[in-house]
Amino acid sequence: MTTISSPALLLSATPTWRPVADVAAMTARELRRTIRSVDMLITSLVIPVSIMLVFVIVFGGAISRDGTYINYVVPGTLILCSGFGSAITAVSVAKDMESGIIDRFRTMPIFGASVLVGHVVASILRNLASIAIVLAVAFALGYRPAATPAGWVLIALYLMLVIASFTWLSCAGGLVLSQEAAGSINFVFLFAPYVSSGFVAADTMPVWLQGFADNQPFTPIIETLRSLLNGTTPTNGWFALAWLVGFLLVSLVASIVLFRRRVAR
């Protein structure tokens with residue numbers, strides 16, 4: 001007879017609680033991996049703050065001498081950091097696929113999708129912690145958003161949607177790429193926001209680049225967050241939601257299909 005001693009396994013023994021318990025166990029596993037990995041801690045917490053400090057302190061004076069640039073750049077920095085932090089999931093998923101741990105999980109009586117869902121939930125928690133640190137540093141540098149308490153709740157929900165969308169995209173990438181190739185997803189989230197209105201207005205860019213900057217997904221996503229932080233109604237919020245929900249649905253379906261095919265081998 002097998003003795004069940006883990007609280008998570010005790011919960012998973014009950015069919016109603018099994019998915020919740022298994023997702024919680026997988027989420028805790030990913031959070032422990034983050035804490036134990038110096039590289040992941042630096043990528044999750046140090047780099048986002050460093051990016052904001054570079055833009056505010058190093059470039060801020062050249063762009064706006066009156067010190068107001070921080071009010072413009074923080075929303076773009078938060079979205080960039082959300083994407084950059086979410087891309088870590090691609091490497092984690094690829095590592096799980098290559099190490100054979102997924103095959104081991106398949107032999108256990110756990111909720112099958114809990115592996116990927118655990119990655120996503122851990123990414124949301126990890127990125128929210130990173131965003132909180134970035135905002136704390138921004139406040140220390142003089143950032144003063146005008147959002148109301150209700151607005152902050154909406155901002156938190158919006159950022160969770162952003163992170164979930166980006167993380168599921170990263171999951172899909174991690175399922176088809178090697179660990180080394182999965183690391184390149186970071187560069188997509190790191191550089192794409194630069195060619196948007198996240199750090200400078202699109203109309204200051206060369207004419208041939210303005211069309212791309214105005215119509216790529218990061219521009220409405222960042223502008224919506226900027227409006228929410230400023231306490232105003234987003235003018236292109238529906239476009240941002242359309243992009244994010246589209247990313248979420250496509251990547252979620254792709255991740256499920258790819259995961260089933262990979263573990264079926």
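Quick notes
- Qualifying residue in the range 165-177 (condition: touching a residue at least 12 places away in the same chain (Cβ under 8 Å), under 15 Å from the mean Cα position of the chain (by Cα) and open to solvent by 20 Å² or more (accessible area, probe 1.4 Å)): yes
- Against the test of being at pLDDT below 85 and in contact with a Pro (Cβ under 9 Å, 6 or more places away or on another chain), the options Ser44, Ser37, Ser114, Ser64 yield a single qualifying residue, Ser114.
- Selection within the range 231-242 - of a type outside the set (Gly, Ala, Ser) and within 16 Å of Leu157 (Cα to Cα): Thr233, Pro234, Trp238, Leu241
- Residue within the range 238-246 that is closer than 24 Å to Ile88 by Cβ, more than 16 Å from the chain's Cα centre (by Cα), at pLDDT 90 or above and surrounded by 17 or more Cβ atoms within 10 Å (Cβ to Cβ) present: no
- Test: residue in the range 211-231 that is in contact (Cβ under 8 Å) with a residue 60 or more places away in the chain and open to solvent by 60 Å² or more (accessible area, probe 1.4 Å): yes
- All positions within the range 132-158 that are open to solvent by 10 Å² or more (accessible area, probe 1.4 Å), among the aliphatic types (A, V, I, L, M) and in a helix (DSSP H, G or I): Ala132, Ile133, Leu135, Ala136, Val137, Ala140, Ala150, Val153, Leu154, Ala156, Leu157
- Among the residues of the range 178-192, those that are surrounded by fewer than 24 Cβ atoms within 10 Å (Cβ to Cβ) and closer than 18 Å to Pro217 by Cβ comprise Asn186, Phe187, Val188, Phe189, Leu190, Phe191, Ala192.
- Test: residue in the range 109-128 that is closer than 28 Å to Phe187 by Cβ, touching a Gly at 6+ places or on another chain (Cβ under 8 Å) and open to solvent by 10 Å² or more (accessible area, probe 1.4 Å): yes
The values are calculated or read from the model by the stated rules, or taken from the named source; none is laboratory data. Everything numeric here is computed off the predicted structure, so don't read it as measured data. Note: ideal-geometry Cβ built from the backbone for every residue, glycine included; neighbour counts use all protein chains shown. These accessible areas exclude ligands, DNA and RNA; they are computed on the full protein's heavy atoms, side chains included. Shrake-Rupley method; radii C 1.70, N 1.55, O 1.52, S 1.80 Å.
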